[in-house]
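Report on the structure given below.
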Amino acid sequence: MHKKVLVTGGTGYIGSHTVVELIQKGFSVVIADSLENSDITVLDGIEKITGVRPIFEKIDLSINYPTIELFKKYQGFSAVIHFAAYKAVGESVAEPLKYYRNNLNSLMNILEGMSVTNTPNLVFSSSCTVYGQPEKLPVTEQTPIQEANSPYGNTKQISEEVIRDFIHINEEINAVALRYFNPIGAHDSALIGELPIGIPNNLVPFITQTAAGLRESLSVFGDDYNTLDGSAIRDYIHVVDLAKAHVIAIERLADKINKSRIEYFNLGTGIGISVLECIKSFEKVSGKKLNYKIVGRRPGDIEKIWADTSFANRELNWKAEKTIDDAMLSAWNWEKNIRKIQQ
Ligand code: UD1
């Protein structure tokens with residue numbers, strides 16, 4: 001079987017973990033990444049874990065011509081997993097055109113590349129952000145999409161629509177949109193993990209960087225939410241569990257057992273965890289006391305969300321296996337590894 005998969009954003013956080021799982025399942029991988037928000041040394045980590053160095057193409061996928069040439073160079077792929085996108089919510093509010101231009105042009109160029117080279121299958125990185133603050137929890141795939149609360153979120157909503165309209169007229173192409181909840185943690189080897197550039201926006205890298213001494217203290221954004229301890233609730237999923245779901249999605253499309261031309265899956269654990277519970281988990285597994293303070297709510301944050309994962313569990317025969325403690329420990333081991341911290 002022709003098993004060459006194009007992974008855009010493959011040196012990024014979720015991308016690199018997915019590349020490892022793909023290689024370990026016998027796929028050959030071509031990574032396309034601009035390296036704007038990731039580092040080429042990620043390839044060393046992937047190679048150390050798997051024994052294979054994936055092919056790497058440095059490319060800005062938002063530019064049409066080189067993207068189409070990339071598809072032609074490899075005479076198409078068996079599938080594309082499209083991770084490459086900007087993802088900082090706050091930055092997208094400040095620079096909306098940057099987000100629309102990059103995230104939407106890249107997707108459209110990839111779809112065009114797929115159609116001109118008869119590449120049949122697409123897995124798209126979507127997000128639970130498409131649900132906004134749902135009225136009823138947990139959220140199923142049928143929960144109504146709400147107006148996006150950031151340009152970033154809007155690019156995910158629009159992308160799902162672009163794919164839907166495109167495959168409508170391109171009957172050979174099938175797609176799966178994976179709606180991630182909050183990916184955290186790192187590979188057990190501590191050889192790859194999340195590598196935020198500058199001050200992290202997301203909770204877990206901020207926690208580990210604070211514990212490593214790079215940040216003075218963590219700000220907990222709000223303790224007056226309508227939750228058990230007052231801090232906001234999310235569904236934190238270990239990035240390796242998430243990565244495995246991508247391989248299953250690729251195999252599902254290859255085996256043609258998908259139930260519709262585009263399918264949507266919630267990828268979470270089904271468990272809601274508060275910010276304060278995250279901190280407790282981190283302190284338990286690391287044995288370190290975290291310096292944190294409660295501050296006001298972060299604008300744009302929702303109060304609580306977690307996934308109903310029953311559809312993904314049943315249809316993909318997939319379930320998140322790792323716990324919040326596993327994820328926190330792996331994130332801490334990764335942080336210690338990159339900062340050369342001993343204990
Ligand atoms: C956001 C986006 C999500 C996107 C993800 C990746 C929304 C609704 N969600 O998730 O789509 O994929 O970013 O960039 O737009 N927190 C603190 N202190 C911190 C950092 C975070 O208390 O220093 C809290 C937040 O208030 C939140 C939780 O931790 O309650 C998780 O925050 P974060 O990791 O930034 O992810 P989301 O905002 O949930």
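The values are calculated or read from the model by the stated rules, or taken from the named source; none is laboratory data. Since the structure is predicted, the reported quantities are computational estimates derived from the model, not experimental observations. A quick note on method: Cβ atoms are made from the backbone with ideal geometry, for glycine too, and the neighbour counts reach across all protein chains shown. The area values use the complete protein model at the heavy-atom level, side chains included, leaving out ligands, DNA and RNA. Shrake-Rupley method; radii C 1.70, N 1.55, O 1.52, S 1.80 Å.
Results, tabulated for the structure shown:
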| quantity | calculated |
| --- | --- |
| Test: residue in the range 160-178 that is within 14 Å of the ligand (Cβ to nearest atom), of a type outside the set (D, E, K, R), in contact with a strand residue (DSSP E or B) (Cβ under 6 Å, 6 or more places away or on another chain) and open to solvent by 20 Å² or more (accessible area, probe 1.4 Å) | no |
| Cβ pairs under 9 Å, 6+ apart, first in the range 95-110 and touching a residue at least 60 places away in the same chain (Cβ under 8 Å) and within 17 Å of Glu161 (Cβ to Cβ), second open to solvent by less than 50 Å² (accessible area, probe 1.4 Å) and part of a helix (DSSP H, G or I) | Ser106/Thr67; Ile110/Thr67; Ile110/Phe71 |
| Filter result for Lys289 (within 16 Å of the ligand (Cβ to nearest atom), within 30 Å of Gln342 (Cβ to Cβ) and without any contact (Cβ under 8 Å) to a residue 40 or more places away in the chain) | no |
| Residues of the range 84-125 classified as away from the ligand (no atom under 16 Å from the Cβ) and among the basic types (Lys, Arg), total | 1 |
| Cβ-Cβ under 6 Å pairs, at least 6 apart or on other chains, the range 295-320 side at pLDDT 95 or above and among the basic types (Lys, Arg), far side within 13 Å of the ligand (Cβ to nearest atom) and open to solvent by 60 Å² or more (accessible area, probe 1.4 Å) | Arg297/Phe221 |
| Residue match in the range 277-290 (condition: of a type in the set (Ser, Thr, Tyr), buried (at least 19 other Cβ atoms within 10 Å of the Cβ) and more than 22 Å from Leu218 (Cα to Cα)) | no |
| Helices (runs of 4 or more DSSP H) within the range 1-116 that include 1 or more residues assigned by TED's automatic domain parsing to the domain that holds Val162 and under 29 Å from Asn202 (Cα atoms) | 13-24, 42-50, 89-94, 96-99, 105-116 |
| Flag if Leu214 is touching a helix residue (DSSP H, G or I) at 6+ places or on another chain (Cβ under 9 Å) and open to solvent by 20 Å² or more (accessible area, probe 1.4 Å) | yes |
| Residues that are within 16 Å of the ligand (Cβ to nearest atom), hydroxyl-bearing (Ser, Thr, Tyr) and outside any strand (DSSP E or B), drawn from the range 126-159 | Thr129, Tyr131, Thr143, Ser150, Tyr152, Thr155, Ser159 |
| Cβ-Cβ under 6 Å pairs, at least 6 apart or on other chains, the range 195-207 side more than 7 Å from the ligand (Cβ to nearest atom), far side among the hydrophobic types (A, V, I, L, M, F, W, C) | Pro200/Phe206; Ile207/Leu218; Ile207/Phe282 |
| Counted residues, the range 204-255 - those being part of a strand (DSSP E or B) and either over 30 Å from Asn317 (Cα atoms) or among the acidic types (Asp, Glu) (or both) | 4 |
| Complete set of residues in the range 109-142 that are more than 28 Å from Phe311 (Cβ to Cβ) and open to solvent by 50 Å² or more (accessible area, probe 1.4 Å) | Glu112, Val116, Asn118 |
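Residue-wise test of (1) modelled with pLDDT under 95; (2) more than 24 Å from the chain's Cα centre (by Cα); (3) within 11 Å of the ligand (Cβ to nearest atom); (4) open to solvent by 30 Å² or more (accessible area, probe 1.4 Å).
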{"site": "Val220", "(1), (2), (3), (4)": "no, no, yes, no"}
{"site": "Asp224", "(1), (2), (3), (4)": "no, yes, no, yes"}
{"site": "Gly230", "(1), (2), (3), (4)": "no, yes, no, no"}
{"site": "Arg234", "(1), (2), (3), (4)": "no, no, yes, yes"}
{"site": "Ile237", "(1), (2), (3), (4)": "no, no, no, no"}
{"site": "Ala249", "(1), (2), (3), (4)": "no, no, no, no"}
{"site": "Leu253", "(1), (2), (3), (4)": "no, no, no, no"}
{"site": "Lys259", "(1), (2), (3), (4)": "no, no, no, yes"}
